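In what follows, a structure is listed as structure tokens, so that the remarks can point back to it.
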Amino acid sequence: VKLLAFLLETVPDWLKHPVGSYGAGDGSNGVPKLMDLLDEPVPGVGTYEDFNTIDWVREKSKDRDRHREIATKSKESALALMKSISDAFSGWLLMLLVGLMSGALAGGIDISAHWMTDLKEGVCLNGFWFNHEHCCWNSNETTFQERDKCPNWKSWAELIVGTNEGPFAYIMNYLMYVCWALLFSFLAVSLVRAFAPYACGSGIPEIKTILSGFIIRGYLGKWTLMIKTITLVLAVSSGLSLGKEGPLVHVACCCGNILCHLFTKYRKNEAKRREVLSAAAAVGVSVAFGAPIGGVLFSLEEVSYYFPLKTLWRSFFAALVAAFTLRSINPFGNSRLVLFYVEFHSPWHLLELIPFVLLGIFGGIWGAFFIRANIAWCRRRKTTRLGHYPVLEVLFVTAVTALLAFPNSYTRMSTSELISELFNDCGLLDSSQLCNYANVSVTKSSSDALPDRPAGQDVYTAMWQLSLALVFKMLITVVTFGMKVPSGLFIPSMAVGAIAGRLLGVGMEQLAYYHHDWVIFRGWCSPGADCITPGLYAMVGATACLGGVTRMTVSLVVIMFELTGGLEYIVPLMAATMTSKWVADALGREGIYEAHIRLNGYPFLESKEEFSHKTLAMDVMRPRRSDPPLSVITQDGMSVEEVESLIAETSYSGFPVVVSHESQRLVGFVQRRDLVISIENARQRQEGVVSASRIFFTEYTPPQPPNSPPPLKLRGIMDLSPFTVTDHTAMDIVVDIFRKLGLRQCLVTHNGRLLGIITKKDILKHMAQMANRDPDSILFN
């Protein structure tokens, strides 16, 4: 007992009190209670600023801790168990809501765009809200031969001048077409500029960057969703060479992001939210093309950065719900989900793989040309005065598009209609110019297929018109993609390929008819047989061109056979897709989305790009030899004033915490935002905190002089296990670590002493330098 009493007398006062309650109670030395920020969560700590990258490791760790806590509590009571079940079910409920909302919006966009596109040519007298097709369906006076003409549908010339014949009527229709196009595009660009600047473009490059962990506040917000939905309809209806498929991915991701706020575990965790956005990207493609499986594969192959198995299942479910919702709305009026349903009657022959591969080569060359030309034009827009007048640019491009498109019936119609006509296999009842062959004498009654036959005058006229349409589409799409209106690339790229494919298909058909005794046709193409299907060539060409531009492979083939229902034509589609990818990759490594990411300077580490240079971590880390020393915080030696001045003098996102300036032994890493919020919070909630107060990151707080202000204990906001590499670690390993773990920064040590820091931005700058590009093109930190 005497020994124990002696020991208690010799123990210092500060060790007798529990940690975090020094000076509490009697106030013997006048120091208020020390607040430990671990005790109560501080609002804002653990969140991120705009244009910053999230810390994937920290976010996943937070989610595991939350899940562990719920699992532990679920064993204590029935209420806690119910909360645990609802937490597990919330992900599926969120997917259901995303699917329903995206499907409903896509159906509305399809119906509105179809109606407004027809509004440029005329109006329905029965009700102005009917498009041309629905107007003539309701008419009892429509004949099958003239199913596009009905008394209820009036062109603008008929309404204004009373007739649809003659040059004056043509000029009036021409004028109204141009005026409506200009009005729609002006409304689209004005709404984007005034209310939601982020609603322009495709959205896929930015979504890829966001899914990799970058934060762009407002890009997936409610204003962006609302304006993008409205302006997408206007932009498509204006007749510009753009599609709605890419922007629909953006719309679906906006739905996913907004609905995440209904569920706490997705609202408060950026990594979990990105799992939802990956599924939403799949939903976007599902409703854009009516291709749920293709959408899931598109998200996996092209968009997502982190795609666990759980996200795959949920993406599949969400895409299914969205496709079902769209099918219920039935926007195309044909009770089918697919956009371009085809029904080819003759199988393809092995020797046809040669023209299919040629289409693949064309698609690859077109893709590489388009990417280079479009990026050069967009760079010019960024660096010259052209970018200062987006409204004038949109109006000018719309005017040129409308003036050149109207005289040619294949460019006047909407691009989706054009593709549908090019994919079509000519039957007995087709009234299209493309199907106006000579000498049609049908002897086979067992099939709807018609034999190969000589092209009539209308077919040759259609070939010339399609050739002009091909050149027009190729050139105008280059300047249209990237303007300040919502613009997708899928449909224009498919249109270019479909035109080229149809031209080649008709050429092959005529060769087979006139030269069926040639070696390539002998044995499988007898006279009077239906050997060549031009619509199939159009389908293969569309796939090749879209593959050349986007560099998609598996997902593209699945989307195309879901889009057309042509399941037996997978091999030609695969051959064309692989050929176009190889050719395009040989001419330029980047797809269109990666090229736009690099143009905009987003901090995106491309997983497909190999790092082959033999540099070390010490070559990339900061500070360099000529730079001032690394800004660090000591674990127990700095005051609030010193830390605040360090924050004010620098713009870094975080600071390493070391034992002392002399030893430079690493303790942890603290984020700048967490530090600022914690100090502000302590000043408000903890009595007596002033600029002279000491900041401690240690586990135990040493005793303070009697009249000193109360200290701050900020160990709770420090990352105690920051990733470190040695200065001799090869950079290819460091790049792999950043890619696979989604790091924001990595600390560099030598024999345990802190030497420097490598951030994601440093790696991107180094990679740009190694590729002889401007390292300062990485705009964001």
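The values are calculated or read from the model by the stated rules, or taken from the named source; none is laboratory data. Quick caveat: nothing in here was measured; it's all calculated off a predicted structure. Cβ placement follows ideal geometry from the backbone for every residue including glycine, while neighbour counts extend to all protein chains displayed. Just so you know, the surface numbers come from the protein's heavy atoms only, side chains and all, with ligands and any DNA or RNA stripped out. Shrake-Rupley method; radii C 1.70, N 1.55, O 1.52, S 1.80 Å.
Details
- Residue range of the chain that is longest and free of GluC sites (Glu not before Pro) which are both DSSP loop and sparsely packed (at most 16 other C-beta within 10 Å): 344-608
- Dipole of region 617-778, positive end: most advanced residue of MET767, GLN684, LEU630 [Cβ charges, Cα centre]: MET767
- Net charge contributed by nearby residues that have their C-beta within less than 9 Å of CYS200 (K/R +1, D/E -1): +3
- Note on ILE570 and GLU662: the model spin-label points, each 7 Å out from Cα along the C-beta direction, lie 7.2 nm apart.
- The chain, accessible surface, carbon-and-sulfur percent (1.4 angstrom probe): 61 percent
- Of the labelled figures [x] 1.26; [y] 0.96; [z] 1.17, only one reflects Cα Rg over 2.2 N^0.38 Å as derived from the coordinates, namely [z].
- Note on LEU350 and LYS222: their simple-model spin labels are 6.3 nm apart, each label 7 Å out from Cα toward Cβ.
- Remark on GLY756: its backbone amide H falls under 5 Å from those of VAL748, a criterion applied only to residues 5 or more positions apart or on other chains, H modelled at 1.01 Å from N.
- Reducing region 564-581 and region 666-711 to their Cα centroids gives an inter-centroid distance of 64 Å.
- Taking Cβ atoms as reference points and 11 Å as the exclusive limit, the residues near GLN671 contribute a net charge of 0, counting Lys and Arg as +1 and Asp and Glu as -1.
- Scanning residues 5 or more positions from THR726 or on other chains, those with amide H under 5 Å from its amide H are THR749, with H placed 1.01 Å from N in the peptide plane.
- Taking a span of 30 Å or more along the helix axis (Cα atoms) and a mean Kyte-Doolittle hydropathy of at least 1.0 as the rule, the DSSP H helices of the chain that qualify are 78-119, 167-195, 309-329, 457-480.
- Farthest toward positive dipole pole in the chain [+1 Lys/Arg, -1 Asp/Glu at C-beta], among GLY565, VAL394, SER86: SER86
- Mean separation of Cα pairs under 8 Å and 6 or more residues apart, divided by the residue count, gives region 232-295 a relative contact order of 33 percent.
- Over the chain, DSSP H runs of length four or greater, each weighted -39,500 (n - 2.57), average out per residue to a 222 nm ellipticity of -17500 deg cm²/dmol.
- Fraction of antiparallel bridges per DSSP, the chain only, in percent to nearest 5: 75 percent
- Over all other residues within a Cβ to Cβ distance under 10 Å of PRO390, the charged ones net out to +2, with Lys and Arg as +1 and Asp and Glu as -1.
- Scaling against 2.2 N^0.38 Å puts the C-alpha radius of gyration of region 350-600 at 1.08.
- Solvent-accessible heavy-atom area per residue, rounded to whole Å², over the chain at 1.4 Å: 45 Å²
- Cysteines in the chain lacking any other cysteine Cβ under 4.7 Å from their own Cβ: CYS179, CYS200, CYS253, CYS254, CYS255, CYS260, CYS378, CYS545, CYS746.
- Exceeding the 18 Å Cα-Cα cut-off - candidates LYS62/LYS268; LYS73/LYS310; LYS208/LYS265; LYS62/LYS760; LYS268/LYS761: LYS73/LYS310; LYS208/LYS265; LYS62/LYS760; LYS268/LYS761
- Spacing of the two label points (7 Å from each Cα toward its C-beta) at GLU649 and LEU403, in nm: 6.1 nm
- Once the Cα gyration tensor of region 623-673 is diagonalised, semi-axes √(5λ) in Å: 16, 15, 11
- Calculated FRET value between MET82 and ARG622, using beta carbons and R₀ = 45 Å, to 0.05: 0.30
- Bridges between two residues of region 617-778, per DSSP, are antiparallel at a rate of about 70%.
- Å³ per residue enclosed by the Cα convex hull of region 617-778: 130 Å³
- When the Cα convex hull of region 638-730 is projected onto planes of every orientation, the mean area is 7.3 nm².
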